[in-house]
1. For the chain, what is the relative contact order in percent, using Cα pairs closer than 8 Å and at least 6 residues apart in sequence?
2. At what distance in nm do the modelled label points of S191 and D178 sit from each other, each positioned 7 Å from its Cα along Cα→Cβ?
3. For the stretch 55-104 and the stretch 215-249, what is the separation of their C-alpha centers, rounded to whole Å?
4. As an exercise, find the ratio Rg/Rh for the chain from alpha-carbon atoms, using the Kirkwood inverse-distance average for Rh.
5. Need the C-alpha centroid separation for the stretch 159-210 versus the stretch 128-153, integer Å.
6. With +1 on each Lys and Arg Cβ and -1 on each Asp and Glu Cβ, how big is the dipole of the chain about its Cα centre, in debye rounded to the nearest 20?
7. Set Lys and Arg Cβ to +1 and Asp and Glu Cβ to -1, take the dipole of the stretch 4-246 about its Cα centre, and tell me which of L182, H205, Q11 lies farthest positive.
8. Nearest-5 percent of antiparallel DSSP beta bridges in the stretch 4-246?
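The values are calculated or read from the model by the stated rules, or taken from the named source; none is laboratory data. None of these values were measured; they are calculated from a predicted model. Heads up, the Cβs are rebuilt from the backbone with ideal geometry, glycines too, and the neighbour counts pull from every protein chain shown. These area figures cover heavy atoms from the full protein model, side chains too; ligands, DNA and RNA do not enter into them. Shrake-Rupley method; radii C 1.70, N 1.55, O 1.52, S 1.80 Å.
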Amino acid sequence: MSSGLSVRQLQLQVENRIILKEFSLEVPHGEIHALMGPNGAGKSSLAKAMTGHPDYHILQGDIHFDGISIRDQAPDAISKLGIFLAFQHPLEIEGLSVANFIRSALQAHRNPQETFLATDFYAQLYHYMDALHLDRSFSSRALNVGFSGGEKKRCEVLQMLMLKPRFAILDEIDSGLDVDALKTVADGIHSLHKEQKMGALMITHYPRLLQYISPDRIHIVLNGKIVRSGSMELIEELEHGGYQSFSSL
Ligand code: ADP
Ligand code: MG
C-alpha cells in the first residue's frame, strides 16, 4: 500500500441515502490535490467520512492513510494518525475558549511525559494569530461563537498551523474570505507543505483558491463520483462551461 491517502471504491450512506458510489481517490504523500464539484455533490460527506463522523456509513470500499485503514477508526484515532479536517461549518462551543481548545487538542496528540510549557504554547499561538491577522483577544473568545465567516475560517487554519498535521482536508476554507485573508491562508498551507511535506485535499467549488495554491492534481466530483482528474486546464473548462460540461463524460 502506498503512502498518502487512498480512497478505494467507496460507497457512502447517510440517512438512508447513498451519497458516494464507487468513489476512488489517491493523494500520494506530500501532494496537494483539489476536489471540486457543485453544491450537494458529496464533498463534505467524504471529508466527514474520512475523519470518522458516526453519521456517515461506509457500506463498501475502504480509506487508507499511509497504509493503515481508517474505515472503522474513531475521530480521535484518525486525528492522531495526523489527519486534520477544517470544517466547512465549524461548530460553536459556548464556554470553551479558542486557546483552551487548541491546547487540549495538542495535549491529546502528545506523549503525556512530554513537558508542554504554557509560555511556548502562547508564543506559537500568537505567532500564528499575528500571521492570520487575528487580534490577541481572539484566543479567549468562545470557540466560533459569534465569529464572522472569515473568523471561523481563520480559526480552522490556526488549528491546522498549531497541530501541524501530516494531511489536511480543507473543506471550503476559501468561502467568506477576502483576497488578503485568502493569501494568508494560502501562505499557511504552503509553509506546512514546505516545512514538513504536509499533504492536503482542498475542497472547493470556486477556482479562486487554486490561484494561490496550485494543486498537483484537480478532481471533479459530480453525483457522488469523480468524473474527471487533471491539472489546471480543468479550471479553464470549468470557467467556460460550468460543472455541466463535465456531466456528459
Ligand atoms: P457538498 O459538500 O458537495 O455540497 P454534501 O456532502 O454536504 O455536499 O451533501 C451531499 C448530499 O448529502 C446532499 O444532498 C445533502 O443534503 C446530503 N447530506 C449530507 N449530510 C447529510 C446529513 N447529515 N443528513 C442528511 N443528508 C445529508
Ligand atoms: Mg460541502
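1. The normalised contact order for the chain reaches 27 percent.
2. 2.1 nm
3. That distance is 27 Å.
4. Numbers: Rg = 17.9 Å, Rh = 18.7 Å.
My calculation of the ratio gives 0.96.
5. Computed from Cα coordinates, the inter-centre distance equals 16 Å.
6. So the dipole magnitude of the chain works out to roughly 340 debye.
7. Q11
8. Counting only bridges with both partners in the stretch 4-246, antiparallel ones make up about 55 percent.
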